[in-house]
Amino acid sequence: MINLKKSPAKIGADRLKKVLISDKHFNPERVKNVIKSDIYSLLINYADISSETLDLKIEINENGGYNISVNAKANRLKVLGNISS
């Protein structure tokens, strides 16, 4: 008789392999740089800032969620025109 069930050790090894492969493709620094670039692209519409003065911090909170903090230093705010309705 052939045993078609996987052993708990084999199941655990397969799960670990999947986790390691998915972690390899997820690069937190790359994600942070993409978010920082998007925020910078938005902020330059409203203020004179340089990308060097933009700081982005991403932390995992106790609930498994993320706390995202953005700090930027602007030389001046841009004058925005009135939006007519």
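The values are calculated or read from the model by the stated rules, or taken from the named source; none is laboratory data. The structure presented is a predicted model; accordingly, all values stated were derived computationally and were not measured. Methodologically, a virtual Cβ is constructed for each residue, glycine included, from the backbone with ideal geometry; neighbour enumeration extends over all protein chains shown.
Listed here are the residues, each with its yes/no results for (1) at pLDDT 80 or above; (2) part of a helix (DSSP H, G or I); (3) touching an Asp or Glu at 6+ places or on another chain (Cβ under 8 Å).
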| residue | (1), (2), (3) |
| --- | --- |
| N3 | no, no, no |
| K17 | no, yes, no |
| L42 | yes, yes, no |
| E62 | yes, no, no |
| I83 | no, no, no |
Within segment 64-81, restricting attention to residues that are over 24 Å from I49 (Cα atoms) and either of a type in the set (V, I, T) or assigned to a loop (DSSP other than H, G, I, E, B) (or both), which residue is modelled with the lowest pLDDT? G64
Taking segment 44-60 on its own, how many of its residues are over 20 Å from V31 (Cβ atoms) and part of a loop (DSSP other than H, G, I, E, B)? 5
Residue under evaluation K32, criteria (1) modelled with pLDDT under 95; (2) surrounded by fewer than 11 Cβ atoms within 10 Å (Cβ to Cβ); (3) within 14 Å of the chain's Cα centre (by Cα), criterion not met: (2)
